Amino acid sequence: MKNILLIPQIRIHNANALSSPYTIGFPAMTAWLGATHALERKLKSSEFDEVRFKSMAVVCHKIELQTHRGEGDYVHSIIGTGNPLDKNGNRPSFIEEARCHLTVSLIIECENLGLDYDGLLEFVNNALRVMKCAGGDVLEAQPAELIEVDDEATCRKLLRRLMPGHCLIERRDLMAQEMEAGQDAIDSLLDYLKVTHRSDIDEKEKVTWESQRKEKGWIIPIATGFHGISEPGHAENQRDTETPHRFAESVVTLGEFVMPYRINDLDHMLWHYHTDLENNLYLCQQNRATTEL
């Protein structure tokens, strides 16, 4: 049996749309597990300090990426924010950041809930409204609920409540099978993202175009963690002087958006933290990887 904390229809303004170091779109999975971890830390400073969030999933219902492509433009441009002028009346220099407005539902697997369910839900509802979520401001959310999922019927009932929407799952298996055949990691990732266009001319010289990708489905690149590239130690002016510091780079793999009704087991959509210190990896990964839905 799983105890699920459902926070439905969270409307977020100006979320970080950097889905990996190379692409923009839906916020990275590290951002969603980070928001869940931040909420758990708020619980630790309250009377519900024994509650633990074991894993989580995110379902996107609506997203508005803040980009623009004018007439005749080849690429999209990021819509920047209007920063105040400096003392000379000029625009100050700033780093452009990809933003998006979106509506999501969070599904969080909980442990050690205790008995005060109503108090816990009230605390979560109040805490969420003053939090950042994926770098954005929470404008509103429907009341949180606690749901016991102990059989297929209750699982299907929960999944129906997440429709319409798209759930992000991991598809690193696609890259793994290409890399086992000897292909480079970046090439195997790009092979599943590129769109191939092909034209045919019939006897009447009519041209027909066909576009296809290597794998069916809504495949995207996602950042799922970090790889340490230096030994743990202490750096000058680091924020936490007690915790060892190390430099790291993002781990990028493939993900897929699927509609919740295609999920057969909640573990196929739930993500958790995983640490592989032997390989210097700090990852977000699914409870149970799925190669085909």
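Structural remarks
- Considering 211, 188, the condition of being touching a strand residue (DSSP E or B) at 6+ places or on another chain (Cβ under 7 Å) and modelled with pLDDT under 90 is satisfied by 211 alone.
- Looking only at the range 42-94, and only at residues there that are in contact (Cβ under 8 Å) with a residue 40 or more places away in the chain, assigned to a strand (DSSP E or B) and among the charged types (D, E, K, R), the one that is surrounded by the most Cβ atoms within 10 Å (Cβ to Cβ): 54
- Enumeration of residues in the range 104-128 that are surrounded by 13 or more Cβ atoms within 10 Å (Cβ to Cβ) and part of a loop (DSSP other than H, G, I, E, B): 113
- Test: residue in the range 22-32 that is under 20 Å from residue 145 (Cβ atoms) and either surrounded by 19 or more Cβ atoms within 10 Å (Cβ to Cβ) or polar (S, T, N, Q) (or both): yes
- Counted residues, the range 136-179 - those being in contact with a Lys or Arg (Cβ under 7 Å, 6 or more places away or on another chain) and more than 26 Å from residue 98 (Cα to Cα): 1
- Within the range 26-41, the only residue that satisfies the criterion of being in contact with a Phe, Trp or Tyr (Cβ under 7 Å, 6 or more places away or on another chain) and either charged (D, E, K, R) or without any contact (Cβ under 8 Å) to a residue 40 or more places away in the chain (or both) is 40.
- Just one of the numbered conditions (1) closer than 26 Å to residue 64 by Cβ; (2) surrounded by fewer than 21 Cβ atoms within 10 Å (Cβ to Cβ); (3) in contact with a strand residue (DSSP E or B) (Cβ under 6 Å, 6 or more places away or on another chain) is not true of residue 134: (2).
- Test: residue in the range 254-275 that is free of Cβ contacts under 8 Å to residues at least 60 places away in the same chain and farther than 30 Å from residue 154 by Cβ: yes
The values are calculated or read from the model by the stated rules, or taken from the named source; none is laboratory data. Because the structure is a prediction, the values reported are computed rather than measured. Methodologically, a virtual Cβ is constructed for each residue, glycine included, from the backbone with ideal geometry; neighbour enumeration extends over all protein chains shown.
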